[in-house]
1. Using the Cα centre of the stretch 3-276 as the reference point, and only Cβ charges (+1 on K/R, -1 on D/E), how large is the resulting charge dipole? Debye, rounded to the nearest 20.
2. Report D for the stretch 191-253 in µm² per second (integer): Stokes-Einstein, Kirkwood Rh on Cα pairs, 4 °C, 1.567 mPa s.
3. Output the peptides 16-24, 225-233 sorted from most to least packed, where packing is the average of other Cβ atoms within 10 Å over each peptide's residues.
4. For the stretch 111-264, how big is the tail of P(r) above 18 Å, as a whole percent of Cα pairs?
5. When the chain is modelled as a GNM with alpha-carbon springs shorter than 10 Å, which of Ala212, Ala236, Ala196 fluctuates the most?
6. Could I get the Rg over Rh figure for the chain? Both from C-alpha atoms, Rh via Kirkwood, rounded to two places.
7. Check Lys149: other-chain or 5+ apart residues with amide H under 5 Å from its amide H, H built from backbone geometry?
8. Report the semi-axes of the equivalent ellipsoid for the stretch 11-105 in whole Å, largest first, where each axis is √(5λ) for an eigenvalue λ of the Cα gyration tensor.
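Just so it is clear, none of the values below were taken in a lab; they were calculated from the coordinates. Please read all numbers here as calculations on a predicted model, not as lab measurements. Cβ sites come from the backbone with ideal geometry, for glycine too, and all protein chains shown count toward neighbours.
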Amino acid sequence: MGKIIAVSIPKGGVGKTTTALNLSISLAESGKRTLLIDADPSNQIAISLGIKDENDLGTLYDALSYLKAFDQTINNTENPNLDIIPFKNLSFKDELMLADISFDQNLLKSIIQPSIFEYDFVIIDCPPYLVGMTTNVLNIADSVLIPVKSSMLSLSAVEKVMTRISEIKKTTNQKLSIEGILLTMYEYNTKAAFSAKKELYTKYPGNMLSTAIPKNTSAEEATFHHKAVVELYSWARSTKAYKQLADEIIENNNFFKADMMTGLDEIEQTGVDIYSFEE
Ligand SMILES: Nc1ncnc2c1ncn2[C@@H]1O[C@H](COP(=O)(O)OP(=O)(O)OP(=O)(O)O)[C@@H](O)[C@H]1O
Ligand SMILES: [Mg+2]
């Protein structure tokens, strides 16, 4: 049984979609069976990949509105290890319908089918807020990957998602854990980015991932070409970082399995010394 990872923080433009997309492709390229689900009604995964859903493409919205069974909304890609469920290019009528149905915080839980558990990883891109679709996702996820654009303004959003995770753990989904905090668009050698990083390491020492994604024009350019940077620019710094992130997540989850087998109840993530962080 695989792991369902929500990519979430209640802040816009911090690299959630870029991370969900490039991490999923990198996991698939490492041989892990991966399902990428877009739970953001702005449908950014499909837009990023230039996918149009006029024809037979299955979408999450189809499943949420009972037009199709969840399994019928899974689309294969050219990579045999990667499947995708886009959200849908919503019409105004669809948006009204969605506002109605996403009051149900367990809607996603009620429509997913056992096929979801056949993947090694299910990566779910969330919208930049915590209500509606995000709560639906957090109710089925095993863990949350929190991308943080390295600025002080993102720090309060980290606190908000941490509080929400604790609330959900206490109520509707006890298994929910933190996959890690990921520094995105990191600007090496700027004081502001370093201060934000230092504050995060001080506040959340056990939750920081050792990989950071650098700010890199190739990542932005790839979006214009409707491709993921890891597919388009193999030499880009952000490509290397996303591949390293996939390796780190695979390794962390191997530890998870090994610890489960030795019967340990609590799995503690190793903290990373702030000064050993690669600049
Ligand atoms: N490492 C990076 N370096 C430079 N630009 C980046 C990087 N990662 C993402 N971007 C750019 O930043 C913008 C926002 O990224 P993205 O769409 O992934 O954020 P998001 O958190 O999903 O936004 P939203 O909250 O609107 O869904 C995009 O134009 C993207 O191309
Ligand atoms: Mg997004």
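1. My answer is approximately 740 debye.
2. Estimated via Stokes-Einstein, D reaches 99 µm²/s.
3. Packing proxy ranking, top to bottom: 16-24, 225-233.
4. Considering the stretch 111-264, 65 percent of its Cα-Cα pairs are separated by more than 18 Å.
5. In the Gaussian network model the winner is Ala236.
6. Taking Rh as the inverse mean 1/r over Cα pairs, Rg/Rh reads 0.94.
7. Thr184
8. Ellipsoid semi-axes (Å, largest first): 23, 16, 12.
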